[in-house]
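Heads up, the thing below is written out as structure tokens.
The values are calculated or read from the model by the stated rules, or taken from the named source; none is laboratory data. Being a predicted model, the structure only gives us computed values, none of them experimental. Backbone-built Cβ (ideal geometry, glycine too); neighbour counts: all protein chains shown. The protein model used for the area step is the full one, side chains on, heavy atoms only, and it has no ligands, DNA or RNA in it. Shrake-Rupley method; radii C 1.70, N 1.55, O 1.52, S 1.80 Å.
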Amino acid sequence: AKASGKNRLCFYDPKLDEYAMLRLALLNDFRKSFANHDFVVLYQPQIRFSDNALIGFEALVRWHHPERGIVSPIEFIHLIEENGMIIPLGKWVLNQACKDAMTWSAPLQIAVNVSPVQIERSNMLLTVASTLENTELPASRLELELTESSLMCDGDNTINLLNELRQQGVKIALDDFGTGYSSLSYLQRFPFDKLKVDRSFVIAASNHTNSDGKSDAKSILSAILQLAQVLNLETIAEGVETQEVGTLLHELGFENAQGYFYGRPMTADQAKQLIIDWPHNIEQ
Ligand code: C2E
Ligand code: CA
Ligand code: CA
Ligand code: CA
């Protein structure tokens, strides 16, 4: 039955059909693309405020769709999480990132995103151990970025996993901090090394400054930084797009930063070259 007036349930929605078809087509394309290796890993620099050192890169996957061109992970990660295909893709990204990091002229860190699906439905300990063995990357150079949603399901298992990974020397960062739930209790329960504060807080702090120079957003960031200090966590701010925001975050007490101002996600070759060229003058 079609919708027969406002405030009625709509049993047939052609838009929904269209959307479902699109998802199906995209998933089908994904399978083909995975077999064809139509994916590439880009690297975005991370810097330390105190001395402007390059400390490492975050690995960010891109899909080179044969017809659509580059598809953002925002458009397809969620889709492939639902059917578990994030597991083989995640393994591939991890391996590629560790391999690329081995070619760098300095032993910088490589941060790799890990989906909650990989935590829940695959053996991450085994995956990480075999990847480090195969690529010969020292565990201390690998950092895994987890979001709060990774911590929601099977808490004790995840805590054990993280402890075992850390025993190997792998670092754990809590990504998009502040956007999930139960942040404080989870922070206490789970063994992290680093807090990666979400871009939304960074944007808010840069936007809403009162006449007295203070803002709620800045107060929130200060509170997060105090919390990190109490819990002995390293901090990094993401989404830093301008020098002004970088300076503000440095003054607030952040140790590290990542964002377009320091560098956009770049190819493996460009990342390799950036390490050689660093320190360079950041354009004003
Ligand atoms: P994320 O982990 O929060 O990664 C940061 C995202 O912010 C990246 O988007 C990056 O390009 C973008 N970004 C970095 N600096 C700036 C900035 O200064 N301004 C703005 N506006 N954006 C900035 P990207 O590469 O499109 O990735 C989006 C999300 O997709 C990531 O968010 C992450 O959740 C997910 N993702 C990407 N690669 C992977 C992967 O290999 N595995 C998994 N599981 N997820 C991935
Ligand atoms: Ca991330
Ligand atoms: Ca993030
Ligand atoms: Ca984010």
Could you work out the helix-only [θ] at 222 nm for the chain, with each DSSP H run of four or more residues adding -39,500 (n - 2.57) and the total divided by the number of residues, to the nearest 500 deg cm²/dmol?
-14500 deg cm²/dmol
In a solvent-free Debye calculation with one equal scatterer on each Cα, what is log10 I(q)/I(0) for the chain at q = 0.08, 0.14 Å⁻¹, listed in the order of the q values?
-0.39, -1.09
Longest span of the chain, sites excluded, free of chymotrypsin sites (Phe, Trp or Tyr not before Pro) in DSSP loop with at most 12 other C-beta atoms within 10 Å?
13-180
Contact order relative to length for the chain, counting C-alpha pairs under 8 Å separated by 6 or more residues, stands in percent at 18 percent
Show me, for region 168-173, the HN-Hα J-couplings you get by feeding each phi into the Karplus relation (A = 6.51, B = -1.76, C = 1.60, θ = phi - 60°), rounded to Hz, glycine and proline as x.
6, x, 6, 9, 10, 10
Quick one: pull the percent of accessible area on the chain belonging to carbon and sulfur, 1.4 Å probe, ligands and nucleic acids left out.
51 percent
Pull out a ≥ b ≥ c, the square roots of the eigenvalues of the alpha-carbon gyration tensor of region 99-220, then state rounded if a/c is under 1.5, prolate if not and a/b is larger than b/c, and oblate in the remaining case.
oblate
Please compute the per residue accessible area over the chain with all protein chains in place, 1.4 Å probe, rounded to a whole number of Å².
54 Å²
